[in-house]
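**Q** Okay, here's the structure, questions in a sec.
What follows is calculated from the coordinates using simple rules that are stated; it is not laboratory data. Owing to the predicted nature of the structure, the values given are computational and were not obtained by experimental measurement. Positions of Cβ are generated from backbone atoms using ideal geometry, with glycine treated the same way; all protein chains shown enter the neighbour counts.
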Amino acid sequence: MKYTFIVNPNSGNAKHDISLDFLQSKFDSSDEIVLKETAYQFHAKELVKEAIAENSDVIVACGGDGTINEVASALVKKNIPLGIIPAGSGNGLATNLNIPKDPNKAIEIIKSNAVHTIDVGRVENKFFFSNLGFGIDAEVIKTYEENQKRTITGYVDASVKTLLNYKSKLFRLYIDDVIIEKSFYYLFCSNSNIAGYGISFTPKADLSDGELDLLMIEDLDVFEQFYFSVLVLAKKIDFLNKAKYRKVKKFKIESLDHNPITYQLDGEIHKTDSLQVKVKVLPNALKIIF
Ligand SMILES: Nc1ncnc2c1ncn2[C@@H]1O[C@H](COP(=O)(O)OP(=O)(O)OP(=O)(O)O)[C@@H](O)[C@H]1O
């Protein structure tokens, strides 16, 4: 078997130590191991193209959610499975798939070659595998990225700063034949049931049900925001009257306050020039080992 490992040397504050020697020591001598390091953002996509051209049987992403998103995006609708060695700070998708952070254990899973297919979310021309958020979580990630402190404390710090200044956004949503026009505190669309750090906003989400789970939360006052935080921690979000939950195959979101739409996609922030974006699910579009 030929395995190509695409490694972000800087992910998770560069604390991991995944080298060619280490990888070779974990596989049979009959296996061919190739390691390609990413040097900049979006480099992973080019490296996947090379790995495909070089006839790799398995392509493994070693990094955080950003790197995993880039590698997985280049493998959508391809026949080559993705393996994961989580080496980031949040590791949303890996956590959801029960892939441990210990590289030794993650490699055992890769060697098991248990290939599954999962759904993929698409927004504009980009793919997501875990989740997509409009509103408060996009703002939290923006502050978190500006913070440089990529730890749970940094995340809590960014959340508090954002909460204190955040104003709901006026959106029009088109879901099937329904149009909803409201001021939303939070719109969260998820393929997986873990949002990061073990928190779940969409406990009913299933990576291979052919649908995305959409959580819509209307404008909240400061007390409701506090109640919302408690319910998130208690995993009882359905107790909040202003939270609506539904499974969707596609939807369109339109900004009515004349601000171009910003969203977070698998934990990375994306700014658009557009006042509307379309989201849809591509059922069973990614082969993945877990
Ligand atoms: N050599 C590099 N130097 C700087 N940035 C890189 C490099 N290689 C990849 N990147 C980019 O860094 C971003 C973050 O990487 P990644 O997601 O792997 O780690 P992380 O941010 O530590 O983890 P997490 O996303 O779980 O918080 C990605 O967008 C990726 O494209």
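**Q** What is the distance in Å between the Cα centroid of region 14-46 and that of region 199-264?
**A** Region 14-46 and region 199-264 have Cα centres separated by 37 Å.
**Q** What nm distance separates the two modelled labels at residue 183 and residue 165, each placed 7 Å from Cα along Cα→Cβ?
**A** Reported label-point gap for residue 183 and residue 165 is 1.9 nm.
**Q** Rg to Rh for region 232-290: what is it, with Cα atoms only and Rh by Kirkwood?
**A** 1.04
**Q** Measure nothing but the geometry: give the 0 to 90° angle between the long axis through the Cα atoms of 43-53 and the longest principal axis through the Cα atoms of the chain, rounded to 10°.
**A** 50 degrees
**Q** Next question. Over what distance in Å are the Cα centres of region 276-290 and region 87-117 separated?
**A** That distance is 19 Å.
**Q** Based on DSSP, what percent of beta bridges with both residues in the chain are antiparallel, to the nearest 5?
**A** Approximately 75 percent, going by the DSSP bridge assignments.
**Q** What number, in percent, do you get for the relative contact order of region 1-124 if the mean sequence gap of Cα pairs under 8 Å and at least 6 apart is divided by its residue count?
**A** The normalised contact order for region 1-124 reaches 26 percent.
**Q** What does the convex hull of the alpha-carbon atoms of the chain project to on average, in nm²?
**A** Value for the chain: 14.5 nm².
**Q** With only Lys, Arg, Asp and Glu charged, each at its Cβ (+1 for the first two, -1 for the last two), find how big the charge dipole of region 126-283 is about the Cα centre; round to the nearest 20 debye.
**A** That gives region 126-283 a dipole magnitude of about 160 debye.
**Q** Then there's this: Taking the chain as the reference, fit the longest principal axis to its C-alpha atoms, fit the long axis of helix 103-112 to the helix C-alpha atoms, and give the angle between the two in degrees, 0 to 90, nearest 10.
**A** Taking Cα atoms only, the helix is inclined about 80 degrees.
**Q** Of the options 248, 29, 110, report the single residue whose Cα projects farthest towards the positive end of the charge dipole of the chain (beta-carbon charges: Lys, Arg +1; Asp, Glu -1).
**A** Going by the Cα projections, it comes out as 248.
**Q** When the Kirkwood radius is taken over all Cα pairs of region 126-283, what Stokes-Einstein diffusion coefficient follows at 20 °C and 1.002 mPa s, in µm²/s?
**A** The estimated diffusion coefficient comes to 135 µm²/s.
**Q** What ranking of 246, 122 emerges when the number of other C-beta atoms within 10 Å of each C-beta is taken as an exposure proxy, fewest first?
**A** 246, 122
**Q** What GluC sites (Glu not before Pro) in region 116-217 are in a loop by DSSP, with at most 16 other Cβ atoms within 10 Å of the Cβ?
**A** 124
**Q** A further question on this structure: Per residue of the chain, what 222 nm ellipticity follows from adding -39500 (n - 2.57) for every DSSP H run with n ≥ 4, rounded to the nearest 500?
**A** Mean residue ellipticity at 222 nm (helix-derived): -8500 deg cm²/dmol.
**Q** Let me ask another. Please report the orientation-averaged projected area of region 2-113, defined via the convex hull of its C-alpha atoms, in nm².
**A** 6.3 nm²
**Q** Report, to the nearest 10°, how far helix 222-233 tilts away from the longest principal axis of the Cα atoms in the chain, using its own Cα long axis and a range of 0 to 90°.
**A** Between the helix axis and the principal axis of the chain, the angle is about 30 degrees.
**Q** Please work out the FRET efficiency for the pair residue 101 and residue 24, using the Cβ-Cβ distance as r and a Förster radius of 35 Å; give the result to the nearest 0.05.
**A** 0.95
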